[in-house]
Amino acid sequence: MAVDTTTVKKIAGLARIAITDEDAARIAPELDNILGWIEQLGEVDTSGVEPMTAVIPNTLRLRDDVIDADPLTGGGKRDQLMTNAPQGDHGFFTVPKVIE
Amino acid sequence: MTDLTDLGVAAIRDGVRMGQFSAVEVADAFVVKVAQAKALNAFLVETPDHVLAAARQADAARAAGELLKPLAGVPIGMKDLFCTTGVATTAASHILEGFVPTYESTVSQNLWDAGAGMLGKLNMDQFAMGSSNETSAFGNVISPWRRGDGGNADLAPGGSSGGSAAAVSARLCPGATGTDTGGSIRQPAAFTGISGIKPTYGRCSRWGTIAFASSLDQAGPMARDVRDCAILLEAMSGFDAKDGTSLQLDVPKWEHGLSSNLSGLRVGIPKEYRIDGSPVEIDELWQRGIDWLKDAGATIVDVSLPHTKYALPAYYIIAPAEASSNLARYDGVRYGLRDLPEGAGLQDMYAATRADGFGAEVKRRILIGTYVLSAGFYDAYFTQASKIRTLIARDFERAFTQCDVILTPTAPSSAFALGEKSADPLAMYLNDVFTVPSSLAGLPAMSVPGGLDKQGLPLGLQIIGKPLDEQGVLNAGLAIEERAGFTARPSQWW
């Protein structure tokens, strides 16, 4: 099996999702099945084909280099940004202590 | 007087303009319907105040002799993927439970600017990941349709825009917003006997729409007929500087351009969409669609889209890869759920929050995405899938040198029962086999009802168009609609 429990736990760690041994054991064959089905892409000859980066040709626009060019996405929104924070203090997001 | 909730978007707009009824009467009638339909679980939040405020404005504007806005007096349902100021927005996930946006998505703002009002936020598959609405953290949406076998099996309304599909089909709202990443507007529209269009990628701004797979996500309307879809799409679309992939183009007058005279139109029939083991009714439906388009003056040409069979596996690399990156933002710090186990550090908090907040399908896709992007696998999976995406887009480009639109079935079957496919993720993914290729190519595509199967359930036909040719798609859809004469509707049991 290409995807085993150890692999699932490693991926879950990278994705920052806590996972129990039982869940990892249950998910491993599911992922293995899905990734096994995806393997068929390997049979397509893609030499000389550019990977798609933009589905509809578009040019990247530049905005004026000024503060608050668009007031809706500009700055000065601290209080608004904090309204949905699970925990905040003095206008900062707070998290468990990371430095001892 | 006719039941106002039987009216579609155009009829309500016109009736309010002509004073046949007031916008408040319309809003009241739909608010009652929504409140009575809890059994469908289509709405996550009901917002009667919002819809009534818009209705009062429409009535006041009319009384003052002002020119009415394009959607004045029209109530709509809003998929819960669109951020709405002051109204809880969760993408049907626990991880966003309690999140109340302080800003409005561009698409919803465009609709309110056009005079529409919101009946509520519609249930959906969690983060738009699913084809049956069974991945919502707030319960399945139940399709208003039932099989004609006398059984009362609860059917899937399709997904991910299942709440939108159920609500429009059950006449809880005349129109609703949906989003389509791999078929999430078209497949539920087909399952519930309504119409829905996904425009060209970039027509509708993605700003304020909760992201799933950003290179694929597109908003679009779901309504009971083609004209209503055209009206709503006109209001939703338009350039938005806040979305880097927004197309800087004027919005065509799609409603004005509607015409079901298809003389001179070439309709492509892709042979790769005939799949072994698909129900004979799907083939019959497809043939009827061909006959209807011929009757409307179109000529039929056979086309080939040789990479079709690789579209679905490529999609299941690209979409989860983008999702794993987009959903990294849910970390329990800035908004949404935080799960902080006793004595946990920052990393443990992230992991606990995400384990607790995301549903099983969302986790599955994040894991697939993380795997295919991880060191040593990136080229074999993600780069290869992106190259195949180029080949799929090229297939369509080539086909469109021979034809103007492409006709296919929307889904390989009619609606399945809830629980029927939920144990097998792969079987569920295969439901999007006909809708995913055009999503990968960014093309406009719509589903219109084509008839009922033996069980009395709706089947949809899909029209795929050239980039920016929503008009061609809508017109072919209209020609089918006029000939299909689809008037079936679910009988009310809820």
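Full extension of the chain between B:Asp49 and B:Lys309 gives 88.8 nm of extra length, using 0.36 nm per residue less the Cα-Cα distance.
Each of B:Trp145, B:Trp493, B:Trp112, A:Trp37 has some number of other Cβ atoms within 10 Å of its Cβ, and from fewest to most they run B:Trp493, A:Trp37, B:Trp112, B:Trp145. Distance between the modelled labels on B:Ala241 and B:Ile275, one decimal in nanometres: 4.5 nm (7 Å Cα→Cβ projection). Other chains' Cβ within 10 Å of A:16-26 residues: what's the mean? What the average comes to for A:16-26 is 5. Annotation: amide H-H contacts under 5 Å for B:Val45 (H modelled 1.01 Å from N, sequence separation of 5 or more, or interchain): B:Lys121. With no solvent and one point per C-alpha, what does the Debye sum give as log10 I(q)/I(0) for the protein assembly as shown at q = 0.06 Å⁻¹? Values returned for q = 0.06 Å⁻¹ are -0.29. From the P(r) of chain B, can you give the percent of Cα pairs sitting at distances over 34 Å? The proportion of pairs with Cα distances above 34 Å equals 30 percent.
The modelled label-to-label distance for the pair A:Thr59/B:Ala88, using points 7 Å beyond Cα in the direction of Cβ, is 4.6 nm.
Peptide A:78-88 has a mean shielding of 4, counted as Cβ atoms of other protein chains within 10 Å of each residue's Cβ.
What's the exposure ranking of B:Leu459, B:Leu327, B:Leu52, B:Leu285, going from fewest to most Cβ atoms within 10 Å?
Values: B:Leu459 29, B:Leu327 26, B:Leu52 18, B:Leu285 22.
So the residues, fewest neighbours to most, are B:Leu52, B:Leu285, B:Leu327, B:Leu459.
Residues considered: A:Ala25, A:Ala12, A:Ala85. Largest GNM mean-square fluctuation over chain A, using C-alpha springs under 10 Å, is found at A:Ala85.
Using a simple charge model, +1 on the beta-carbon of Lys and Arg, -1 on the beta-carbon of Asp and Glu, nothing else, what dipole does chain A show about its Cα centre, in debye to the nearest 20?
Working: 9 positive and 17 negative charges, 87 e Å.
For this selection, approximately 420 debye.
Any idea what the dipole of the stretch B:240-302 comes to, in debye rounded to 20, about its Cα centre with Lys/Arg Cβ at +1 and Asp/Glu Cβ at -1?
Dipole about the Cα centre, nearest 20: 220 debye.
Amide H of B:Val303 versus every other amide H placed in the peptide plane: which residues, excluding those fewer than 5 positions away on the same chain, fall under 5 Å? Those qualifying (amide H under 5 Å, at least 5 residues apart or on another chain) are B:Ile269, B:Lys271. The phi torsions of the stretch B:424-433, fed into the Karplus equation with coefficients 6.51, -1.76 and 1.60 and a -60° offset, translate into couplings of 10, x, 5, 4, 5, 4, 5, 5, 9, 4 Hz, rounded to whole numbers, with Gly and Pro shown as x.
For the protein assembly as shown, what is the charge dipole size about the Cα centre, in debye to the nearest 20, if Lys and Arg each add +1 at the Cβ and Asp and Glu each add -1 at the Cβ?
Working: 51 positive and 70 negative charges, 111 e Å.
Approximately 540 debye in magnitude.
Can you find, among B:Ala298, B:Ala213, B:Gln347, the residue farthest towards the positive end of the dipole of chain B? Put +1 on the C-beta of Lys and Arg, -1 on that of Asp and Glu. Checking the options against the dipole of chain B, the answer is B:Ala298. Of the residues B:Cys83, B:Cys204, the one with the fewest other Cβ atoms within 10 Å heads the list, and the complete ranking is B:Cys83, B:Cys204. Take each residue of peptide B:324-333, count the partner chain Cβ atoms within 10 Å of its Cβ, and average: the result is 2.
Size of the stretch B:219-338 from its Cα atoms: along the principal axes, largest to smallest, the extents are 59, 41, 26 Å.
Selection among B:Asn475, B:Tyr378, B:Val267 by position relative to the dipole of the protein assembly as shown gives B:Asn475 as farthest towards the positive end (Cβ unit charges, Cα centre). Among the aspartates and glutamates, which fall within straight-line cross-link reach of B:Lys271, defined as a Cα-Cα distance under 19 Å, with same-chain neighbours fewer than 8 residues apart omitted? Qualifying aspartates and glutamates at Cα under 19 Å: B:Glu281, B:Asp283, B:Glu284, B:Asp291, B:Asp302, B:Asp395, B:Glu397, B:Asp404, B:Asp432. Sorted largest first, the spans of the alpha carbon positions of the stretch B:113-176 along the three principal axes are 45, 25, 15 Å. Among the listed pairs A:Lys9/B:Lys198; B:Lys294/B:Lys387; B:Lys309/B:Lys466, which are separated by more than 32 Å between their Cα atoms? The pairs that break the limit, which is 32 Å between Cα atoms, are A:Lys9/B:Lys198; B:Lys294/B:Lys387.
Lysine pairs in the stretch B:1-156 with Cα distance under 21 Å, only those 8 or more apart or on different chains: how many are there?
Numbers: B:Lys33/B:Lys79; B:Lys33/B:Lys121; B:Lys38/B:Lys79; B:Lys38/B:Lys121; B:Lys79/B:Lys121.
So the count of such lysine pairs works out to 5.
Protection proxy ranking, highest mean first, for peptides B:464-470, B:178-184: B:178-184, B:464-470, where packing is the per-residue count of other beta-carbon atoms within 10 Å, averaged. A dipole drawn for the protein assembly as shown from +1 and -1 charges on Cβ atoms has a positive end, and of B:Val9, A:Thr6, B:Gly98 the residue lying farthest that way is B:Val9.
To the nearest 0.05, how large is the calculated FRET efficiency for A:Lys10 and B:Asp302 if R₀ is 51 Å and r is the Cβ-Cβ distance? FRET efficiency, A:Lys10 to B:Asp302: 0.60. Along the stretch B:175-190 the Karplus relation, 6.51 cos²θ - 1.76 cosθ + 1.60 evaluated at θ = phi - 60°, assigns HN-Hα couplings of x, 8, 8, x, 9, 10, 10, x, x, 6, 9, 6, 5, x, 4, 4 Hz to successive residues, with x for each Gly and Pro.
Quick note: the coordinates plus some simple rules give every number you see, no bench work behind them. A quick note: this is a predicted structure, and the numbers were derived from the prediction, not measured. Ideal geometry is used to build each Cβ from the backbone, glycine not excepted, and the neighbour counts take in all protein chains shown.
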